[in-house]
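The values are calculated or read from the model by the stated rules, or taken from the named source; none is laboratory data. All values derive from a computational prediction rather than experimental measurement. Counting neighbours? That spans all protein chains shown, and the Cβs are built from the backbone with ideal geometry, glycine included.
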Amino acid sequence: MYLRKALMIVAMLVAAAGGTAWAQQPYATLQPPQATGDNGKIEVIEFFWYGCPHCYHLEADVNKWAKSLPADVEFKRIPAYPSEAWGEAARIFYTLEAMGLLDKYHDKVFDAIHKDNINLINKKIRDQWLAKNGIDPAKFDQVSKSFTVASNLQRDKQMTMNYKVDGVPRLVVGGKYYTSGELAGGADKIFPAVDEMIAKVRQEGQGAKPAIKTTKK
């Protein structure tokens with residue numbers, strides 16, 4: 001009798017422990033937290049790399065999620081810059097942004113690298129791809145060396161370090177919480193985790209603040 005009760009208790013403890021493991025939260029806390037914009041919105045950052053196949057396959061989910069942002073949420077893409085090799089891919093991102101072409105060509109860059117196996121880090125090959133896609137290679141080269149792009153790359157490099165980005169894709173919410181495919185339990189669970197983090201930050205009072213009404217004297 002006592003042995004049977006003991007075995008039942010052990011089984012219950014094991015089951016409880018297993019349930020706790022499965023219920024583990026799908027995100028982690030960033031230490032130390034990072035300052036975000038002062039527009040009153042909850043900032044969501046996706047750190048990515050054009051050369052990352054996981055980032056490429058997540059892109060459709062990113063675009064779908066970003067189309068229905070709540071009014072108090074702001075979404076930003078940041079190309080991770082942990083090394084000079086990744087920095088060249090970040091330069092492509094910021095050059096297209098400075099030329100006003102990022103929205104049109106962001107997905108095309110991903111496709112060129114992962115679908116068409118084009119090495120856009122190689123300048124000669126990149127110039128051919130740019131020309132084929134209606135972008136002046138000389139203009140692109142000029143803008144890529146501009147002060148604006150250089151400043152963005154320097155800020156980007158610092159952010160990658162401050163946010164302790166050691167893998168991509170990584171989604172950070174409110175400068176406080178982050179998730180990834182590994183933390184969330186799969187790529188398909190990343191954005192449910194992001195929504196959960198947004199709700200947490202909103203509950204903590206970091207969402208959009210109501211406008212202050214003033215009266216004329």
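Quick notes on this one:
- Pairing residues of segment 45-65 that are touching a residue at least 12 places away in the same chain (Cβ under 8 Å) with residues that are part of a strand (DSSP E or B), at Cβ distances under 6 Å and at least 6 apart in sequence or on separate chains, gives Ile45/Lys76; Ile45/Ile78; Ile45/Val172; Glu46/Arg77; Glu46/Leu171; Phe47/Ile78; Phe47/Arg170; Cys55/Phe48.
- Residues being over 22 Å from the mean Cα position of the chain (by Cα) and among the aliphatic types (A, V, I, L, M) - total across segment 138-175: 2
- All conditions but one from (1) among the aliphatic types (A, V, I, L, M); (2) closer than 19 Å to Ala90 by Cβ; (3) at pLDDT below 95 apply to Leu153; the one that does not is (3).
- Remark: pairs (first residue in segment 168-181, over 24 Å from Ala89 (Cα atoms); second residue among the basic types (Lys, Arg) and modelled with pLDDT of 95 or more; Cβ separation under 6 Å; 6+ apart in sequence or on different chains) are absent.
The rows are residues; the columns are (1) closer than 20 Å to Ala80 by Cα; (2) among the basic types (Lys, Arg); (3) loosely packed, with under 13 Cβ neighbours inside 10 Å; (4) modelled with pLDDT of 95 or more.
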| residue | (1), (2), (3), (4) |
| --- | --- |
| Gly181 | yes, no, no, yes |
| Gly185 | no, no, no, yes |
| Lys189 | no, yes, no, yes |
| Glu196 | no, no, no, yes |
| Ala199 | no, no, no, yes |
| Arg202 | no, yes, no, yes |
| Lys209 | no, yes, yes, no |
| Lys213 | no, yes, yes, no |
| Lys216 | no, yes, yes, no |
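- Count of residues meeting criterion [of a type in the set (Phe, Trp, Tyr) and surrounded by fewer than 13 Cβ atoms within 10 Å (Cβ to Cβ)] in segment 120-133: 0
- Matching residues in segment 23-62 - criterion: being surrounded by fewer than 16 Cβ atoms within 10 Å (Cβ to Cβ) and of a type in the set (A, V, I, L, M): Ala23, Ala28, Ala35, Ala60
- Reported count of residues in segment 177-198, each being farther than 20 Å from Lys64 by Cβ and either outside any helix (DSSP H, G or I) or among the β-branched types (Val, Ile, Thr) (or both), is 2.
- Some residue of segment 105-118 being among the polar types (S, T, N, Q) and over 23 Å from Leu58 (Cβ atoms): no
- Residue ID - farthest from the chain's Cα centre (by Cα), chosen from residues in segment 63-87 that are under 19 Å from Asp111 (Cα atoms) and crowded, with 19+ Cβ neighbours inside 10 Å: Trp86
- Of everything in segment 134-160 that is without any contact (Cβ under 8 Å) to a residue 12 or more places away in the chain and among the hydrophobic types (A, V, I, L, M, F, W, C), the residue that is surrounded by the most Cβ atoms within 10 Å (Cβ to Cβ) is Ala150.
- Number of the exception - Thr148 against (1) over 17 Å from Glu46 (Cα atoms); (2) of a type outside the set (Asp, Glu); (3) touching a Ser or Thr at 6+ places or on another chain (Cβ under 6 Å): (3)
- Of all residues making up segment 88-119, the number that are small (Gly, Ala, Ser) and surrounded by fewer than 16 Cβ atoms within 10 Å (Cβ to Cβ): 1
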